[in-house]
1. In what order do 279, 136 fall by count of nearby beta-carbon atoms within 10 Å, going from fewest to most?
2. Share of antiparallel DSSP beta bridges in the chain, in percent to the nearest 5?
3. Please report Rg (one decimal) and Dmax (integer) in Å for the Cα set of the range 17-84.
4. Could you work out the Kirkwood radius for the chain, taking every pair of different alpha carbons, averaging 1/r and inverting it, reported in Å?
5. Out of every Cα-Cα pair in the range 70-206, what percent are more than 23 Å apart?
6. Rounding to the nearest 10 and keeping the result within 0 to 90°, find how far the Cα-based axis of helix 317-330 lies from the longest principal axis of the chain.
7. Over all distinct Cα pairs, what is the inverse of the mean 1/r for the range 1-140, reported as the Kirkwood hydrodynamic radius in Å?
8. Rank the residues 146, 314, 102 as a footprinting-exposure proxy: fewest other Cβ atoms within 10 Å of their Cβ go first.
Ligand code: NAD
Ligand code: UDP
């Protein structure tokens, strides 16, 4: 299939391109490089057969999208492009709604002009907010607690209305839990441009000596060791979920959300201990207060993805920490190395 990958130079997009190409799909990337290095595609090309079309541009730019639709003629779109920092979303709500929501509308209009009616969308478990029950299935109520989360839920609603209005259209909504890890080659991985917001890249930067210590946000949650519990998912498993979602989109019309997680959760302290094992060093930590907007615990019921997409996660926690460490130690300065 010819697949347009928006945000394809990003962390999850770059891993997904490799899996798509391994399955024989033709790929075209649109990215504005606001949170990615052009070096990413150089490395992805070196790891694959190299035939990736790419366009530099903004997802909100209808002209760029029309150019891509006319020249590449995608049969499906995987839509990663967007902004993802929860804290920043609270400070710049209009910017987040503009990129994440208006950007998706611009994309759907451009797809409509060439009759492309298949999309796989990057949503997030953050749409659930504080869970009423665990594991969290797709029927769980949605009540996101940040601008970022609300922007994801708005796009989910738009895709449901879009699919309802176009009977042949298919929108596969993937609600990612916590993506971590890196490709086995150590050539691509997560490379935060600033101080990492997320746990795993922060721990990795402590291990490699770029930061002194990890601040643990709260050890007074109602969990076994008092720290937050999350469902961490290896980015290569997540990438493969997109390939399965494309196959599904070719078979099934309508809009459908799927949880993409392992179904298992680990605490912040579990993650620190596992990373310490992987890198053979102590990770200094300090306990601080809870981070605003954080929930105590969540993990996925991923039964629907197993039954309908034929997808399950296969990587272990040790695979996640070992691959993160392999990437970080081979590229201490990320794509600048
Ligand atoms: P990322 O920032 O690495 O990738 C996003 C890519 O989109 C980047 O390459 C960036 O340059 C590009 N981009 C941003 N704004 C753009 C615009 N206006 N026009 C064109 N390109 C633009 O993030 P990621 O971790 O790979 O996440 C990919 C998607 O998955 C995002 O939509 C994110 O919200 C979602 N998601 C991520 C996580 C996570 O923890 N990483 C969890 C749940 C959902
Ligand atoms: N966390 C932490 N210190 C950090 C970053 C994260 O203690 O520097 C904790 C956070 O409070 C949560 C877990 O690690 O319990 C995962 O946070 P992350 O930001 O990676 O993902 P989230 O689930 O919040 O999207």
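1. 279, 136
2. On the way: 2 of 42 bridges.
That works out to approximately 5 percent antiparallel.
3. Expressed in Å, the Cα Rg and Dmax of the range 17-84 come to 12.1, 31.
4. Working: mean 1/r = 0.0497 Å⁻¹.
One over the average 1/r among Cα pairs gives 20.1 Å for the chain.
5. On the way: 4091 of 9316 pairs.
Roughly 44 percent, once rounded to a whole number.
6. That works out to roughly 90 degrees.
7. Values: mean 1/r = 0.0628 Å⁻¹.
About 15.9 Å, per the Kirkwood formula over Cα pairs.
8. Numbers: 146 20, 314 11, 102 14.
Ordered by Cβ neighbours within 10 Å, fewest first: 314, 102, 146.
Every number in this text was worked out from the coordinates using simple rules, so none of it is lab data. This is a predicted model, so every value here is computed, not measured. Counting neighbours? That spans all protein chains shown, and the Cβs are built from the backbone with ideal geometry, glycine included.
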